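Read the structure below first, then the notes.
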Amino acid sequence: MFELIVRNASLVDGRNGIDIAILDGRIAEIAPRIGAEAADEIDAAGQLVSSPFVDPHFHMDATLSLGLPRMNRSGTLLEGIALWGELKPLLTIEAMVERALRYCDLAVARGLLFIRSHVDVSDPRLRTAEAMIEVRERVRPYIELQLVAFPQDGYYRSPGAVALLERSLDMGLDIVGGIPHFERTMSEGAASVEALCRLAAERGLPVDLHCDETDDPLSRHIETLAAETVRFGLQGRVAGSHLTSMHSMDKYYASKLIALVAEARIDAIANPLINITLQGRHDTYPKRRGMTRVPELLNAGVNVAFGQDCTMDPWYPLGSGDMLDVAHMGAHVAQMTSRTALRTAFDMVTVHGARAMRIDGYGIAVGARADLVILQARDPIEAVRLRAHRLIVLKAGRIVARSEPRTSRLDLPGRPQTVDEADYAPTEEGARSA
Ligand code: FE2
């Protein structure tokens, strides 16, 4: 006897009318019609049932702090960093934990159950690390939170950062971070990449650097990161976040570079909401988009994921914990409008993120964790198009969030009384034959 059967699911791979049986918090069977009984049943009614959303790049210590102590007037990355520097001395552990927990509530409601957060470890008191470790424990029953030791003010540029980063890892942060483009010089940036990869190799940890988050085409720290990844044997456990300089690079050089990224098996994490708003700020017209070369990296076999980066903080006044917003923006900025590319955009906020975060047991497969999201959409493209409503979110086979279907009541002569956004779409079959 199963604990739960989710009946009549449509899956991301295109299968329809599928039942998913759950036992001991894991997926026990997937079949068109499961005859066995279960203690509980959910009728998915043909809606899309997906694995949860994954955000491989976030800043949980800064989230929901918008307006503290003031707004970012220029809208630039550098003013955001300066503003965060003004806020840091004022931060309390209690307030950071409270804001992060509120954000995590929002995330769960949106089916976002896996988050990698960079934690600023520049302040000698390391309150941010202490607060985020507490949050990681408190949300563990419903969100897997990975924490990156992130030297926001520079590994070499900020006094004491080298020791602070090690101390924060000793406290229990999970991943080695860095910000080579913010060091004083290109050579110090390259030296920081070497040192951080060495540290990760010594401690057996993954690496995730903010790398080349700039419009400067000569910011080439990703090249060094690829080389050091190979030299230290870190292939498969290094991520390059942002990589926006690649947008502005010379085409010949980029073609050589992308092959190096693929060789080093570096995960590329683009952050479309933030890249499109922070980059190109020094341009007049034409204005660059600033996001990294997503289709080209994908074509080279690189695992490319989309992250959210910020929600209502010194860098970004919007955001809502919704990875479908991120996929929607990413599809626009990268011009991923073919049917295949749009499906890939959905994968980039689910399976690609899970790959970058090395999540065990992720996916809809027998033996995988019974973490599922039922969306008010019939397929992944519709989910991206509508930023579809999340009807039910399951963690280890238990419902952790649910909401009523989103419909509007109309009062129009001769028209239907209700509108369900999904009813207005051609079916996937129709779209294919069009
Ligand atoms: Fe970031």
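The values are calculated or read from the model by the stated rules, or taken from the named source; none is laboratory data. Computed from a predicted model, the values in this text were never measured in an experiment. Here Cβ is always computed from backbone atoms with ideal geometry, including for glycine, and neighbour counts include all displayed protein chains. Please note that ligands, DNA and RNA were not included when accessible areas were found on the heavy atoms of the full protein model with its side chains. Shrake-Rupley method; radii C 1.70, N 1.55, O 1.52, S 1.80 Å.
Points worth noting:
- Scanning region 265-280 for residues that are more than 16 Å from the ligand (Cβ to nearest atom) and farther than 15 Å from D212 by Cβ returns a single hit, R265.
- Here L205, L196 are screened, and the one residue that is within 13 Å of V148 (Cα to Cα) and open to solvent by 10 Å² or more (accessible area, probe 1.4 Å) is L205.
- Within region 171-188, restricting attention to residues that are closer than 23 Å to F58 by Cβ and assigned to a helix (DSSP H, G or I), the residue that is most open to solvent (accessible area, probe 1.4 Å) is M171.
- Restricting attention to region 135-158, the residues that are within 20 Å of S122 (Cα to Cα), in a loop (DSSP other than H, G, I, E, B) and more than 15 Å from the ligand (Cβ to nearest atom) total 4.
- Considering only residues in region 67-78 that are touching a residue at least 60 places away in the same chain (Cβ under 8 Å) and within 16 Å of the ligand (Cβ to nearest atom), the one that is surrounded by the most Cβ atoms within 10 Å (Cβ to Cβ) turns out to be L77.
- Selected residue (criterion: nearest to the ligand (Cβ to nearest atom)) from residues of region 294-320 that are surrounded by fewer than 24 Cβ atoms within 10 Å (Cβ to Cβ) and at positive phi: G319
- Test for H282: is it at pLDDT below 95 and of a type outside the set (A, V, I, L, M, F, W, C): yes
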